[in-house]
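Participant: One structure coming up, written as structure tokens, with questions to follow.
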Amino acid sequence: MKTMKILFATILLLQTTYSFAQRTMKKQILFLLFLFSTSFVFSQTAEPETSPCPNPKKLRAMCGMVGDWTKDFEPQGKYEYLYQRRFLEAACVDLEKDSKEEISKKISQVWIENEDKLICNNTQFDVGNGNIIKFAVVKNFDTFIVDIIDWKVNLNKVDETDGRTVLDYVKYQMEKAKGTSLKKKLKFYYSSLKSAGAKHKSEL
């Protein structure tokens, strides 16, 4: 009789334990379903975590990249310099989809919107807060000059500090370089920029 009571009590305990385990598991499953449904709804309604487009923050420290001819450790096709990557990223260029014309349009738009920030100060540069194109001329950075011409950026900004356009500045540098090997390169810059639409301040 005593054995039967113990057996009955054990069975009752097991049933109670099983019932409690079922309720606990059910609560856990419901909680997990709640978390899943909440995260799903949030993923459908939340703003995607993407960078703004265009993204002018990508243009920060541009003068350093141009002044040092900084290479890109992961070059993209013909683009081997870091400043190129930064301009492409700032303008949200898709190299696989965008045509040459679309790339130029996107970059020239970002350039004009941030032109007041594309200025440089450097001990090797004689224009305070000077146009980054003038800085590239001083650094003899041929690739940068070719790129800004291809991208059709504004070439006719007049800097307040020297009162010159890029073309004025190149001509000034040519006069300073008379009798040196540098004059040939400056003449190349001058003719290339002029052909691309660069003007003297007097022509504006």
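Participant: Using the structure shown, decide if LYS187 is part of a helix (DSSP H, G or I), within 22 Å of the chain's Cα centre (by Cα), of a type in the set (Lys, Arg) and modelled with pLDDT of 95 or more. Break it down stepwise before answering.
Facilitator: Details: part of a helix (DSSP H, G or I): yes; within 22 Å of the chain's Cα centre (by Cα): no; of a type in the set (Lys, Arg): yes; modelled with pLDDT of 95 or more: yes.
Taking the combined requirement at face value, the residue does not satisfy it.
To keep it simple, each residue is scored yes or no on (1) modelled with pLDDT under 95; (2) among the aliphatic types (A, V, I, L, M).
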site: LEU95; (1), (2): yes, yes
site: ILE107; (1), (2): no, yes
site: LEU118; (1), (2): no, yes
site: PHE125; (1), (2): no, no
site: VAL138; (1), (2): no, yes
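Participant: Which condition from (1) closer than 28 Å to ASN129 by Cβ; (2) at pLDDT 95 or above; (3) in a helix (DSSP H, G or I) is the one that LYS57 breaks?
Facilitator: (2)
Participant: Let me ask another. Step by step: first the residues of region 87-104, then only those that are under 12 Å from the mean Cα position of the chain (by Cα) and of a type in the set (A, V, I, L, M), then the one that is most open to solvent (accessible area, probe 1.4 Å). Which residue is that?
Facilitator: So, considering only residues that are under 12 Å from the mean Cα position of the chain (by Cα) and of a type in the set (A, V, I, L, M), the one most open to solvent (accessible area, probe 1.4 Å) is VAL93.
Participant: Residue check: is LYS178 over 20 Å from ASN55 (Cα atoms), at pLDDT 95 or above and charged (D, E, K, R)?
Facilitator: When the stated conditions are applied, LYS178 does not pass them.
Participant: If I filter region 172-184 for residues that are free of Cβ contacts under 8 Å to residues at least 12 places away in the same chain and under 26 Å from LYS78 (Cβ atoms), do I get at least one hit?
Facilitator: Looking for residues that are free of Cβ contacts under 8 Å to residues at least 12 places away in the same chain and under 26 Å from LYS78 (Cβ atoms), one finds at least one in region 172-184, hence yes.
Participant: Under 6 Å by Cβ, and 6 or more places apart or on different chains, what pairs join a residue from region 133-152 that is polar (S, T, N, Q) with one that is open to solvent by 10 Å² or more (accessible area, probe 1.4 Å) and not in a helix (DSSP H, G or I)?
Facilitator: Qualifying pairs under 6 Å: none.
Participant: Among the residues of region 141-171, how many are among the β-branched types (Val, Ile, Thr), open to solvent by 40 Å² or more (accessible area, probe 1.4 Å) and not in a helix (DSSP H, G or I)?
Facilitator: 2
The values are calculated or read from the model by the stated rules, or taken from the named source; none is laboratory data. Keep in mind it's a predicted model, so treat the numbers as computed, not measured. Note that each Cβ is placed from the backbone with ideal geometry, even for glycine, and that neighbours are counted across all protein chains shown. Heavy atoms of the whole protein, side chains included, go into the accessibility calculation; ligands, DNA and RNA do not. Shrake-Rupley method; radii C 1.70, N 1.55, O 1.52, S 1.80 Å.
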